[in-house]
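The values are calculated or read from the model by the stated rules, or taken from the named source; none is laboratory data. Since we're looking at a predicted model, the values are computed, not measured. Using ideal geometry, Cβ is built from the backbone for each residue, glycine included, and neighbour counts are taken over all protein chains shown. Areas reflect the complete protein model, heavy atoms only, side chains present, ligands, DNA and RNA absent. Shrake-Rupley method; radii C 1.70, N 1.55, O 1.52, S 1.80 Å.
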Amino acid sequence: MPKSRQAPTLLVTKYMGSKKAILDFVIAELTRLTEPGDIIIDLMAGTHTIGYAMKDRCRMVANDIQRYSMVIGQTLLNYNQQPRFEGEARLAFRRFFAANTRHLEGLFELPLHYERRMMTDEVGQRPSWIAYRDFCEDYPYFMRPELVKGWPEEFLLLFTPQRLAAYRTLHKLEPYSLFSLYYGNSYIGVRQALEIDSLRYAVDKLCDEWLPEHSDLGYDPTLLRCLLMSALIAVLNKINPSPGHWAAIPRVTSKSMEWLINQRRINVFDAFS
């Protein structure tokens, strides 16, 4: 019988350098070498697998050059679950999410319509894998050397270099749509990219504007932002079809089509919640 894991784990994202596979060994050695209340310094904390497992025994001091690591670390090591993220704050968050979603649904109405047809469960209505491949590979994409044919000009204007440059420069330009412009129909589906943009918008609106006006509710905007961003990172981990990186865009083939469609049917907002 395999030995059951004793150390607590909460994996926010897949990471090829994660210590998850050797966590029991590492925690056993750290426990042997420390006394309760000792300080452990994790110089390259990454996804904070070790810090989370040891935080109830020792004081963790974590460091990493990557900003995502700071976000995950604040969540796993420092977040206080009181008050819980519910009630008025959660309702406000949902309203912000819905506002950005409605705007993007108007801009991306045509590809969303095509995607719904591609993912139907109706017998005899599912397009061939070749049709789905063409839908994905002929989709506008910010790195294509020229705009693809077959899409209305007003839709292709969303992907122009000038518009992309404006969104990269003006980080709070609305509606949030960078993920839709970068990654729709590549790593993830069109609807999924739209919902990721809208979740990101809701995080900023809630933490930058709504929470400062409702300080009586007791939330720490910095820590709540990290919690929400960690949840968003976890969603990306869930729908990402790769083994732990975003290096190669998955290609649609006769064998991969069902798998990719099942991944792209995952409801992002539900997974986030």
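Distance between the 7 Å Cα→Cβ label points at H171 and S273: 2.9 nm. Within the chain, what's the longest run with no GluC sites (Glu not before Pro) in a DSSP loop and at most 14 other beta-carbon atoms within 10 Å? Give the range, please. Between exposed loop sites, the widest span is 147-273.
Largest mean-square fluctuation among G218, G73, G46, in a Gaussian network model of the chain whose springs join Cα atoms under 10 Å apart, belongs to G218. In order along region 175-181, the Karplus-derived 3J(HN,Hα) couplings, from 6.51 cos²θ - 1.76 cosθ + 1.60 at θ = phi - 60°, round to x, 4, 8, 4, 5, 5, 7 Hz, and Gly and Pro are given as x.
A helix-only calculation puts the chain at -14000 deg cm²/dmol for mean residue ellipticity at 222 nm, using -39500 (n - 2.57) for each DSSP H run of at least four residues, averaged over all residues. Among R102, R168, the sequence by solvent-accessible area, most first, with a 1.4 Å probe is R102, R168.
Of K14/K255; K172/K238; K20/K172; K14/K205; K149/K205; K14/K149, which sit over 31 Å apart, Cα to Cα? With Cα atoms farther than 31 Å apart: K20/K172; K149/K205; K14/K149. The 3J(HN,Hα) values that the Karplus relation (6.51, -1.76, 1.60; θ = phi - 60°) gives for region 152-158 are, in residue order, x, 4, 5, 6, 5, 4, 4 Hz. Gly and Pro appear as x.
For the chain, build the convex hull from the C-alpha positions and give me its volume per residue in Å³.
Given the Cα convex hull of the chain, per-residue volume reads 173 Å³.
Mean-square fluctuations from a GNM of the chain, with a 10 angstrom spring cutoff on Cα atoms, peak among Q66, Q74, Q82 at Q82. The 1.4 Å probe gives accessible areas that order H214, H103, largest first, as H103, H214.
If only the Cβ of Lys and Arg carry +1 and only the Cβ of Asp and Glu carry -1, the dipole of region 169-233 around its Cα centre is close to 320 debye. For I188, no residue 5 or more places off, or on another chain, has a built amide H under 5 Å of its own.
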